[in-house]
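In what follows, a single structure is set out as structure tokens and then discussed.
Every read-out reported here was derived from the displayed coordinates using simple, explicitly stated rules and does not represent laboratory data. Keep in mind that what you see is a predicted model, and the values were worked out from it rather than measured. No Cβ is skipped: glycine too gets one built from the backbone with ideal geometry, and neighbour counts run over all protein chains shown.
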Amino acid sequence: MSFDRRAFLRHAALGATGLTAGASLRGGAEPPATAALPGFDERGPEEFWRAVRAQFPISRALAYFNTGGLGPAAQPALATAAETTRRLQEQCEHGHALFADARADVARFLGAEPAEIAFVRNATEGNAIVAAGLRRAPGDEIIFESHAHPGGSFPWFNQEKLRGVVVKLFEPDVQSAAGNVARIAGLLTPRTRVVQVSHVTAPTGIVMPVADIARLCRERGVWFHIDGAQSAGMFPFALRELGCESFATSGHKWIGAPHETGVLWVRRDRLGDVAPTLVGAYSGELDFLPGELRLADTALRYEYGTRNAGAVLALAAATRFQEQIGRGRIAARGRALAAQVRAGLARLPGVEILTPEAPELCASMIAFRAPAVPFDRLFDRLFKDHAMRCRPVSEQKLNAVRVSTHVFNSPAECAALVAAVGKILRTA
């Protein structure tokens, strides 16, 4: 039986609709919603956002504020993953023929060319491919911020062990975007080869001035890589306009895709500078053995072996769902809810907010601490006593709690969070 990609996609789309309409989820989750989202009315937007919330299988009993760690997948993504997997199993096919359309969707979402997009497991894998693939010599210097997530820092510390590169760190400036550029500039030397920053830092949600950093790197001939695990899906941008050479992100946070979905982007004209360190079927061509392996002249060179096509197509479905909501609308909603949390926390005695307030330095995450209550105890009581899932921040001894606000959160939840923190502090 031949594999008809068009027929498969047609049947998968029909099946995904049926799955969404008929499936039920355990554990008090929201029932799947299949109706189109209502029109957005700025005079009364909560009806729209309740419909968006219904597309996420979050328990009604839980106020979830940890999208920066692990976001729930949207129902359209879950349905696509399940139905694609089922139909591929029925036909005993791997589904790689379906990747082209998914790649085009994800490329459009990120403002890139499909040829520049590699599907990876997460931002960590994308960061690791860049760190291992760039040709570096002992003594070459790599600069990144002290707030880098392990998924961004560990690959370079590993290269420090393996190849003798030198890692140099800068402390993020919470007062000024220009200050972050200056701190990087102060570390540059003739041996600097790579600058990497988190687009949005994981511990405290600082938005880095990536366009200005890109300009500095370009002037000095330094490779600029962005760990975009927190930014993709939080606010819109176009990769081709950021000025970096490479970028990695995860689907399982703000985009709303399942676990083990991610993207590595390498600018088309720089693909030859990042050597694939793991290759296999689909990375290129080799007609006869022995012979010469011809790597793909696209980012496909970083993909290898049989993949979970259901997850890849689910990532594309999640990007389409974000576009349906409206990417600017998503960014504005997350920012407004974070501002509400900030304003409420600022009124509580003894609370210190670590995330900058300047609009260019913050977005949809707020980190705070209250010295009267240890951060881990505060996190624990929010979760156990109030069913509010935040994220404890122990990195760099920040000893804080981080709150992420996304499309499924509501003003009522944010008000309840502030009230819960106040109650915990009063009874400490």
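Data for the structure
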quantity	calculated
Long-range amide H partners of S198 with built H, under 5 Å	E145, D227
Three-way shape label, the chain, alpha-carbon gyration tensor, a/c 1.5	oblate
Sequence-distant lysines (8 or more away, or on other chains) whose Cα lies within less than 21 Å of K384	K423
Listed residues A412, V401, A332: farthest to the positive end of the dipole of the stretch 327-426 (Cβ charges)	A412
Relative contact order computed over the chain (Cα-Cα under 8 Å; 6+ residues apart), in percent	20 percent
For the chain, share of DSSP beta bridges that run antiparallel, in % to the nearest 5	55 percent
Order of H406, H259 - criterion: other Cβ atoms within 10 Å of each residue's Cβ, fewest first	H259, H406
Ranked K253, K397, criterion: other C-beta atoms within 10 Å, fewest first	K397, K253
Most fluctuating residue given options D380, D227, D269, as computed from a GNM of the chain linking Cα atoms under 10 Å	D269
MRE, 222 nm, helices only [DSSP H, n ≥ 4, -39500 (n - 2.57), over the chain, to nearest 500]	-12500 deg cm²/dmol
Cut-off of 10 Å, at most 15 other beta carbons, DSSP loop: longest stretch of the chain lacking such GluC sites (Glu not before Pro)	43-291
Gaussian network model of the chain, springs between alpha carbon atoms under 10 Å - residue of T355, T84, T277 with greatest fluctuation	T277
Mean-position separation - Cα centroids, the stretch 364-424 and the stretch 173-219, in angstrom	28 Å
